[in-house]
1. Amide H to amide H under 5 Å from S117: which residues, 5+ apart in sequence or cross-chain, H placed 1.01 Å off N in plane?
2. How much of the accessible area of the chain, probe 1.4 Å, is carbon plus sulfur, in whole percent?
3. Listed highest first by mean packing, meaning other Cβ atoms within 10 Å per residue, what order do 86-95, 99-108 come in?
4. Please calculate the 1.4 Å probe accessible area of I120, with all protein chains present, and give it to the nearest 10 Å².
5. Can you check what the net charge comes to around I184, using other residues whose Cβ is under 12 Å from the Cβ of I184 (Lys, Arg +1; Asp, Glu -1)?
6. Under the rule of -39500 (n - 2.57) per DSSP H run of 4 or more residues, summed and divided by the residues of the chain, what mean residue ellipticity at 222 nm is obtained, to the nearest 500 deg cm²/dmol?
7. Go through K8/K70; K116/K162; K52/K168; K17/K70; K71/K102 and tell me which ones have a Cα-Cα distance over 19 Å in this structure.
8. Against the 2.2 N^0.38 Å scaling, with N counting residues, where does the range 28-138 land? I'd like the Cα-based Rg ratio to two decimal places.
Amino acid sequence: MSNYINLKAESREIIGKGASRAARNAGQIPAVLYGAGEEPVHFVVDAIQFTKELHQSAFYTTIFEINTGKKKERALARAVQFHPVTDRPLHVDFLRVSKDSKLTVAVPVHFINEDKSPGIKRGGVLNIIVHNLELLCDMDHIPEHIEIDLAGLEIHDTVHLKNLQLPKGTAAAHPERDDTLANIVAPTVMK
């Protein structure tokens with residue numbers, strides 16, 4: 001289920017290119033919190049803590065508790081802008097969430113038991129079609145990842161969304177688009 005991570009934040013009064021550059025030089029990342037019909041809040045987060053969280057597999061499904069000085073709010077990271085050369089984060093957008101809101105989140109798909117798949121043992125290749133499954137869920141039921149068991153699958157077998165048991169409180173956001181999640185294809189060998 002969803003994690004709650006306390007993210008250190010400091011409110012910022014001055015916004016703009018110069019203020020953002022100064023914040024980055026001080027080891028901080030400019031950010032904005034928006035949504036839920038409220039005014040956007042501009043703040044900065046610690047670059048070291050944020051980069052550590054950014055490299056977690058469930059980053060976009062993690063709920064952050066952000067204390068901007070005025071009040072503590074819960075939010076999901078929605079967009080991160082990166083430097084084109086160094087790949088350091090330059091800016092972060094957060095979306096406010098509440099208990100009664102329905103969210104669309106991209107949840108990573110993990111495949112297990114590849115060694116128990118006869119198709120893969122005979123040289124078949126796992127062809128992953130959907131790496132992140134978009135789910136519609138409430139704040140308390142965001143899964144960290146979706147596990148798909150490959151045990152018993154042969155070459156030409158396909159994993160469909162309708163055959164998955166999704167966690168409680170979740171539903172596929174695009175069931176018609178994400179119907180086929182993966183399949184095991186025959187190996188291609190050059191002669």
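1. For S117, whose amide H was placed from the backbone, the distant partners under 5 Å are G152.
2. Answer for the chain is 52 percent, counting heavy atoms of protein chains only.
3. 86-95, 99-108
4. Surface open to solvent at I120 totals about 40 Å².
5. Working: positive: K121, R122; negative: E114, E154, D157.
In short, -1.
6. Details: 3 runs with 21 residues, N = 191.
It comes out at -2500 deg cm²/dmol, rounded to the nearest 500.
7. As for pairs spanning more than 19 Å Cα to Cα, those are K116/K162; K52/K168; K17/K70; K71/K102.
8. So the range 28-138 has a normalised radius of gyration of 1.37.
The values are calculated or read from the model by the stated rules, or taken from the named source; none is laboratory data. Note that this is a predicted model, so its numbers are computed, not measured. Virtual Cβ from ideal backbone geometry, glycine too; neighbours counted across all protein chains shown. The protein model used for the area step is the full one, side chains on, heavy atoms only, and it has no ligands, DNA or RNA in it. Shrake-Rupley method; radii C 1.70, N 1.55, O 1.52, S 1.80 Å.
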